[in-house]
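A short worksheet on the structure shown next.
The values are calculated or read from the model by the stated rules, or taken from the named source; none is laboratory data. Please read these numbers as outputs of a predicted model, since none were measured by experiment. A quick note on method: Cβ atoms are made from the backbone with ideal geometry, for glycine too, and the neighbour counts reach across all protein chains shown. Each accessible area value is taken on the protein alone, full model and side chains, heavy atoms only, with ligands, DNA and RNA left out. Shrake-Rupley method; radii C 1.70, N 1.55, O 1.52, S 1.80 Å.
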Amino acid sequence: NMTTYSSCAKKLFFVYYLFIISSCCIFNFSYGRNLNPNFKVKAVNLGGWLITEGWIKPSLFDGIPNKDFLDGTGLQFKSVTVGKYLCAELGGGNIIVANRTDASGWETFKIWRINSTTFNFRVFNKEFVGIDGSGNVVAVENKAGISETFEIVRNSEDPNRVRIKSTNGFFLQVKTEELVTADNGGNGGWGDDDPSVFIIKTSGRLEGEFQITNGYGPIMAPQVMTEHWRTYIVEEDFKFIANNGLNAVRIPIGWWIASDPTPPKPYVGGSLQALDNAFLWARKYGLKVIIDLHAAPGSQNPWEHSSNRDGTIEWGKTDDTIQQTVEVIDFLTARYAKNPSLYAVELINEPLAPEVTLDMVKKLYQDGYNAVRKHSSTAYVVMSNRLGSPDATELLTFASGLKGSVIDVHYYNLFSDIYDNMSVQQNLDYVNTNRTAQLNTVTQSNGPLTFVGEWVAEWQVRDATKEDYQKYANAQLEVFGRATFGWAYWTLKNVNNHWSMEWMIKNGYIKL
């Protein structure tokens, strides 16, 4: 029967067609433009460009008035009359007293900058210092209003001598160790007999995107940042990267880039244009791009590189912050999915345990993965291991179920006192033995690919020779070269020479 034969033939052809299509999809996913098992990332991070980190380029902050009073700076106030520090009783939710001989946690007030002379003071338990109805100084409000706003008046002869002026027009004064009020006229001198005079000490500071944009303010910040983005990383840098054995860049960015050109204050527009340029240059010089969401809404760690305002971690505490992060990932992938240079999207950088829980990151990683896949079947999806987690393998089972997933680990022989007194040889042994073991732990045959997304040829060794640095760099290149996805050096440019891959290559410390 020809009709039956024709029907069977159509069905067979349709099955064969499906097989070919699905084979192509599998082929494309495994060996396509991006998911190439023979390609390994040898990348450099473009740190300090679209996310500010003051230590990378300190001169960026030079023009900020009162630049030692940036958001998140910890201030400690010692009364000249009683010789003791102001303190939030019980860490907050109570009165402010002046009865502490030493200053640490409860005696440190983190500042939120309103302008160069006006601030809110946040205490240990996150309440803001304010004035109650009787004129007493307290820390009970979770949001800062008019009565939680103060002006710091500095002595022109000695800027560490200050008065604190309340919005009621009066100055704070220490009446007794247990009573601090806002009712001093501020007419006395700056001597040790005036109860409204304090000696300040700073304890900890942040120099990130929030600090620089809020520090310069809405008129100056757009000019400073636009000039920085335009000049710090340029096309010539991409040419240099491509000519020196590197094949990719990891570009740290902030969540506000998705609301360009009018991001929420204090951030300023323009970083998206810089990222667009990076993709143009990457394409021109044959480089791959890893987009790295380095700063998430609310900050996923307490450091300046997550654009934290005062060291408080708010990311993940609400579903809103996770959802907003997914929307940023969606926006970026949609924008660059068709660009042949897009190689991977990193969903978040260095979430810190235990404040950021495993459940929080898994929710982001699943939803973020889906957002990337909506626009691209070929871009890798990079998931950063939580810093501070005792279990480096906690994401492996989860990520194994997601095709094209990558686990990012950061290895520095720094930031912990175990490295402080290591010799050159001990550092080399640590890389060859301990880092090899750590990398082997997260590298599983049926699991996600592994990526050493940050490392540097810097250490705590004093008086190391050039040859010592070369050995140290080569040891890391050898070990991290075994990561199944690849590695990325931190960072391309830095005022600290060994942190600058550009300097290390130009001066013969690293040769690829």
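Which entry in (i) 266; (ii) 181; (iii) 141 matches volume of the Cα convex hull per residue in Å³ derived from the coordinates of this structure? Computing volume of the Cα convex hull per residue in Å³ and matching it to (i) 266; (ii) 181; (iii) 141 gives (ii). Averaging the sequence gap over all C-alpha pairs within less than 8 Å and six or more residues apart, then dividing by the number of residues, gives the chain a relative contact order of 14 percent. 3J(HN,Hα) along the range 408-419, derived from phi through the Karplus expression 6.51 cos²θ - 1.76 cosθ + 1.60 where θ = phi - 60°, amounts to 9, 10, 10, 10, 10, 7, 8, 6, 8, 5, 5, 8 Hz, with x in place of Gly and Pro.
Here the relative contact order of the range 240-319, from alpha carbon pairs under 8 Å that lie six or more residues apart, stands at 29 percent. Using the 1.4 Å probe convention, the accessible area of the chain works out to 43 Å² per residue with neighbouring protein chains retained. Say R0 is 22 Å: what FRET efficiency, to the nearest 0.05, do ASN432 and LYS511 get from their beta-carbon distance? Between ASN432 and LYS511 the formula returns 0.70. Take each peptide in 234-247, 372-385, 489-502, count the other Cβ atoms within 10 Å of every residue, and average; sorted highest first, the result is 372-385, 489-502, 234-247. Note on LEU90 and LYS175: the model spin-label points, each 7 Å out from Cα along the C-beta direction, lie 2.1 nm apart.
Checking the cross-link pairs LYS403/LYS493; LYS143/LYS317; LYS110/LYS288 against a 29 Å limit on the alpha carbon distance flags LYS403/LYS493; LYS110/LYS288 as lying beyond it. Each peptide among 165-178, 421-434 gets the average number of other Cβ atoms lying within 10 Å of its residues, and from highest to lowest they stand as 165-178, 421-434. If you average the C-alpha positions of the range 385-460 and of the range 113-141 separately, how far apart do those two centres end up, in angstrom? Taking the Cα centre of the range 113-141 as reference, the centre of the range 385-460 is 42 Å away. For VAL140 and PHE415, a Förster radius of 35 Å and the Cβ-Cβ distance give a FRET efficiency of 0.45, rounded to the nearest 0.05. Using Cα centres only, tell me the gap between the range 226-274 and the range 297-320 in whole Å. Value for the Cα centre distance between the two parts: 21 Å.
Treating r as the C-beta distance of ASN496 and THR393 and R0 as 35 Å, the FRET efficiency rounds to 0.60. Within the chain, antiparallel bridges make up roughly 55 percent of the DSSP beta bridges whose residues both belong there. Remark: the chain carries a charge dipole of roughly 2280 debye about the Cα centre, counting +1 on each Lys and Arg Cβ and -1 on each Asp and Glu Cβ. Taking packing as the residue-averaged number of other Cβ atoms within 10 angstrom, the listed peptides 78-86, 42-50 run from highest to lowest as 42-50, 78-86. When the Cα positions of ALA248, GLN300, PRO261 are compared along the charge dipole of the chain, ALA248 comes out farthest toward the positive end, with charges on each C-beta of Lys, Arg, Asp and Glu. What separates the Cα centres of the range 171-196 and the range 365-384 is a distance of 58 Å.
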